[in-house]
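The structure appears below as structure tokens.
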Number of protein chains: 6
Amino acid sequence: MKRIALVPGTFDPITIGHVDIIDRALPMFDELWIGIGRNSIKQSLFPEEKRREWIENIYGSNKKIKVEAYEGLTTDFCHKIGALFIIRGIRTTADFDYEKNIAQMNKAQYPDIESIFLMCNPAYTAISSTIVRDIIRNGGDASQFIPSQIKL
Amino acid sequence: MKRIALVPGTFDPITIGHVDIIDRALPMFDELWIGIGRNSIKQSLFPEEKRREWIENIYGSNKKIKVEAYEGLTTDFCHKIGALFIIRGIRTTADFDYEKNIAQMNKAQYPDIESIFLMCNPAYTAISSTIVRDIIRNGGDASQFIPSQIKL
Amino acid sequence: MKRIALVPGTFDPITIGHVDIIDRALPMFDELWIGIGRNSIKQSLFPEEKRREWIENIYGSNKKIKVEAYEGLTTDFCHKIGALFIIRGIRTTADFDYEKNIAQMNKAQYPDIESIFLMCNPAYTAISSTIVRDIIRNGGDASQFIPSQIKL
Amino acid sequence: MKRIALVPGTFDPITIGHVDIIDRALPMFDELWIGIGRNSIKQSLFPEEKRREWIENIYGSNKKIKVEAYEGLTTDFCHKIGALFIIRGIRTTADFDYEKNIAQMNKAQYPDIESIFLMCNPAYTAISSTIVRDIIRNGGDASQFIPSQIKL
Amino acid sequence: MKRIALVPGTFDPITIGHVDIIDRALPMFDELWIGIGRNSIKQSLFPEEKRREWIENIYGSNKKIKVEAYEGLTTDFCHKIGALFIIRGIRTTADFDYEKNIAQMNKAQYPDIESIFLMCNPAYTAISSTIVRDIIRNGGDASQFIPSQIKL
Amino acid sequence: MKRIALVPGTFDPITIGHVDIIDRALPMFDELWIGIGRNSIKQSLFPEEKRREWIENIYGSNKKIKVEAYEGLTTDFCHKIGALFIIRGIRTTADFDYEKNIAQMNKAQYPDIESIFLMCNPAYTAISSTIVRDIIRNGGDASQFIPSQIKL
């Protein structure tokens with residue numbers, strides 16, 4: 001049976017932290033989906049098409065990787081694509097607290113889906129899309145925190 | 001003297017986690033108020049009448065329990081109902097950080113009121129109204145996280 | 001029915017932080033036991049008789065308070081003295097993590113016993129018997145951290 | 001060379017916690033700027049002029065202190081005023097997680113600027129502008145948490 | 001290529017928390033080693049043979065699982081058995097802090113080995129071998145926290 | 001007046017994390033002492049002479065830096081050398097909790113001494129003398145975590 005995993009996120013924008021987690025998760029699975037979650041409440045800084053295009057620029061040539069946007073529950077999207085594993089990176093204890101609750105609630109609802117966590121590369125610990133957006137909004141240079149393949 | 005306590009919250013909606021804390025706090029007090037805090041800034045998912053009705057369905061027959069909505073400071077509501085104790089459940093370190101600050105600020109202002117904390121039942125650690133609302137908004141089934149007496 | 005609570009600890013030595021928690025817990029209960037836990041593994045700095053004597057100097061005249069040393073599980077001691085409540089103060093997230101586990105394990109074994117937590121007075125947050133002992137061992141002056149009734 | 005530091009914040013309003021950090025940072029530097037950050041997203045409770053006036057009332061006579069509002073990145077403002085040090089107080093682990101990320105991102109972009117942290121006075125640990133605003137909005141009395149020089 | 005993982009631990013004794021993590025990790029891998037780490041500094045409560053026997057009683061019939069004791073670095077043992085993945089469960093923020101450091105140090109030394117984390121089943125969050133040993137040492141009944149197949 | 005600071009530690013052994021903190025603290029002060037604390041309870045892995053020699057190899061030519069071992073309270077050593085500032089690096093929330101308590105207790109006893117914290121370089125977050133010792137004890141190669149000037 002194929003082992004299929006989902007890396008969900010908003011990727012607004014994708015950072016070198018995301019790329020590190022995706023690259024490290026790849027050897028564990030036969031197929032890896034990068035799912036761009038649509039959030040009806042929070043407004044994104046970059047349009048969905050742009051965020052998707054950036055990811056495809058980075059991973060487009062990799063046959064194991066698929067990119068798709070989705071709305072609704074992440075677990076429902078997992079079922080749709082046949083993924084039994086959700087991959088998340090953890091950077092800080094605040095991340096941990098948040099991710100733990102989500103993972104445990106998902107598991108309570110869908111015991112067949114397992115959430116799997118990787119520890120962030122320490123050098124990338126502080127990099128979050130939130131801070132990257134903040135730098136961009138204030139006219140700063142965030143290029144060292146995003147993959148070299150994308151131009152903001 | 002009667003020992004009166006308040007369990008404040010938004011209860012949007014009430015979860016099995018809330019019920020667990022209320023049930024465990026009951027033996028400690030002679031009278032227990034469930035106070036539905038009105039928040040002028042955050043919009044609730046369920047109307048106040050609905051939230052109150054659900055709580056009354058669960059606890060209506062219990063003579064020790066009273067249910068009431070309030071606005072303004074929780075400590076002012078305590079004084080109004082004669083409660084010297086505020087009950088809160090804690091689930092995570094994020095909860096702890098938040099609750100500690102509120103409790104210490106309340107104590108600084110009203111030294112006669114004591115905030116008392118119970119540790120969440122571990123099986124309910126991940127359940128929060130926030131995640132329950134998120135599941136409902138995305139069309140998921142949150143019924144296992146809310147008391148059986150209420151129908152969403 | 002009398003509401004009986006236990007404040008367990010090593011009290012090596014009792015600090016103004018302990019006294020604050022005990023004083024604040026008193027109004028909630030009809031009887032409050034201060035239980036000096038004997039720890040077969042960790043060596044105490046002060047002998048048990050001394051630690052007990054200090055507590056009795058502080059609370060000896062209070063009819064609601066009883067002081068006793070115990071060995072074995074804290075929950076077993078609760079059953080012996082008829083206490084359904086264990087009182088603990090929390091200072092930091094490290095405390096929280098530790099206390100949560102103990103409380104939840106106790107609850108799993110003895111559902112009739114409830115652990116109740118008070119947030120430390122912020123001014124006393126940093127005071128622990130561990131640091132007090134460290135100051136004493138290094139010849140420092142720890143008098144501001146211990147109750148005025150006791151002379152080290 | 002003059003050692004110049006910046007204490008950035010929203011100061012909405014300035015609290016006794018801020019004052020404590022500023023007073024303790026003063027001996028370390030030859031010049032200390034209090035920078036009122038303009039946030040285009042979050043609406044402040046008090047107008048910028050008011051917040052600035054309060055700070056000037058408190059520190060106006062101190063020759064080492066300068067007060068100025070700024071927009072954009074804090075690090076850019078540092079360069080503008082010649083400050084190589086950013087001062088921040090930390091109160092809780094939530095603060096720590098947040099501040100660590102900001103400091104490390106700033107350092108990655110501007111290695112010449114160092115962020116320096118002081119531990120909050122324990123008595124002021126729970127005091128945040130957020131809770132102070134909440135008290136004020138709900139008609140409570142927050143005067144014990146703000147410097148005596150200012151009248152809300 | 002076979003995906004081989006190691007679940008390292010002291011298993012002093014194995015708890016239902018360990019079993020939950022092992023059972024959930026199984027579908028991800030083709031071969032799963034349970035490695036009993038020998039610790040030259042900390043004395044175990046139960047002898048190594050006993051701890052190994054318990055694990056074999058539980059998993060002996062499972063062809064995918066192998067049990068072996070090892071000394072030295074966990075990463076060296078990984079190389080010896082051909083495991084590219086280390087599996088760990090996380091229960092609390094204290095766990096998280098500890099595990100993050102170990103995982104990041106291992107990754108720095110052996111970039112080919114990935115540490116993978118599962119969030120503890122919330123119902124088992126408080127269960128640790130440390131507390132289980134403490135209950136046993138104090139004559140308490142820890143049977144609900146250990147797998148039914150083993151008799152202490 | 002000269003600004004003198006102390007960087008206290010056990011330095012068993014000194015790591016690239018320590019060196020990073022010391023290097024970043026240097027511009028803030030006129031004189032920086034590296035104090036090797038003697039701990040009567042915990043046995044060090046490397047003898048004091050060796051640890052001191054390593055530090056002197058690294059910083060020996062720097063006129064602003066002095067190296068000395070001390071026993072007793074760190075604050076007493078500060079007074080002896082005229083240091084009004086204690087420098088510490090923070091890596092994790094566990095560090096934060098620990099350092100906060102020590103700093104606040106020191107401040108309560110000696111209000112003239114200020115503890116100052118720098119956030120660890122993210123790339124060095126996981127590096128601690130404890131883990132480095134563990135690697136060395138188990139025959140691993142820890143050379144990438146210690147300064148190139150020293151040979152273990």
Rounded to the nearest 10, the angle in degrees between the Cα long axis of helix E:48-59 and the longest principal axis of the Cα atoms of chain E comes to 80 degrees
Other residues with Cβ under 13 Å from the Cβ of E:G140 give, with Lys and Arg +1 and Asp and Glu -1, a net charge of -2
homo-copy label distances at E:I41 (7 angstrom along Cα-Cβ), nm, one dp, ascending, are 1.5, 1.5, 4.3, 4.5, 4.6
If the label point sits 7 Å along Cα→Cβ of C:I41, residues of segment E:18-57 with amide N under 12 Å come out as E:42-46
Between chains E and C, the summed loss of accessible surface on complex formation, probed at 1.4 Å and reported to the nearest 100 square angstrom, is 1200 Å²
One finds the C-alpha centres of segment A:37-75 and segment A:7-33 to be spaced, in Å, by 11 Å
Placing +1 on each Lys and Arg Cβ and -1 on each Asp and Glu Cβ in chain A, then taking the dipole about the Cα centre, the residue among A:G9, A:I55, A:V132 whose Cα reaches farthest towards the positive end is A:I55
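In deg cm²/dmol, rounded to 500, what helix-only [θ] at 222 nm does the protein assembly as shown give when every DSSP H run of at least 4 residues adds -39500 (n - 2.57) and the total is split over its residues?
Details: 30 runs with 336 residues, N = 912.
For the protein assembly as shown, the value works out to -11000 deg cm²/dmol.
May I ask you to give the solvent-accessible area per residue for segment F:4-145, in square angstrom, as obtained with a 1.4 angstrom probe? Display every interim value, and only then the final one.
Working: 5530 Å² over 142 residues.
For segment F:4-145, the solvent-accessible area averages 39 Å² per residue.
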Highest GNM mean-square fluctuation among A:A25, A:A108, A:A142, for chain A with Cα springs under 10 Å, belongs to A:A108
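Direction-averaged shadow area of the convex hull around the Cα atoms of chain C, nm²? Display every interim value, and only then the final one.
On the way: hull surface 36.2 nm².
The orientation-averaged projected area of the Cα hull of chain C comes to 9.0 nm².
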homo-copy label distances at A:S61 (7 angstrom along Cα-Cβ), nm, one dp, ascending, are 4.6, 5.1, 7.1, 7.1, 8.6
Under 5 Å from the placed amide H of A:I65, counting only residues 5+ away or on other chains, we find A:L32
On the accessible surface of the protein assembly as shown, probed at 1.4 Å with all protein chains in place, carbon and sulfur together account for a percent value of 50 percent
homo-copy label distances at B:D112 (7 angstrom along Cα-Cβ), nm, one dp, ascending, are 3.6, 4.5, 6.0, 6.0, 7.2
When chain E is treated as a Gaussian network with springs between alpha carbons less than 10 Å apart, the largest mean-square fluctuation among E:D76, E:D30, E:D97 is found at E:D97
Placing one equal point scatterer on each C-alpha of the protein assembly as shown and summing with Debye, one gets log10 I(q)/I(0) at q = 0.04, 0.07, 0.09 Å⁻¹ equal to -0.19, -0.61, -1.09
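With a sphere of radius 11 Å drawn around the Cβ of C:D95, what net charge do the other residues whose Cβ falls strictly inside it have (Lys, Arg +1; Asp, Glu -1)?
In short, +1.
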Computed about the Cα centre, the charge dipole of segment C:5-152 from +1 Lys/Arg and -1 Asp/Glu charges at the Cβ has a magnitude in debye, to the nearest 20, of 160 debye
In chain F the DSSP beta bridges are antiparallel at a rate, in percent to nearest 5, of 0 percent
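Note down the magnitude of the dipole of the protein assembly as shown about its Cα centre, charges +1 on Lys and Arg C-beta and -1 on Asp and Glu C-beta and zero elsewhere, to the nearest 20 debye.
Details: 114 positive and 114 negative charges, 0 e Å.
Dipole size: approximately 0 debye.
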Counting Lys and Arg as +1 and Asp and Glu as -1 over every other residue whose Cβ sits under 13 Å from the Cβ of B:L84, the net charge comes to +1
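The values are calculated or read from the model by the stated rules, or taken from the named source; none is laboratory data. As the structure is a prediction and not an experimental result, all values here were calculated from the model. So basically every Cβ, Gly included, is an ideal-geometry build from the backbone, and we count neighbours across all protein chains shown. Surface areas here come from the heavy atoms of the whole protein model, side chains and all, with no ligands, DNA or RNA. Shrake-Rupley method; radii C 1.70, N 1.55, O 1.52, S 1.80 Å.
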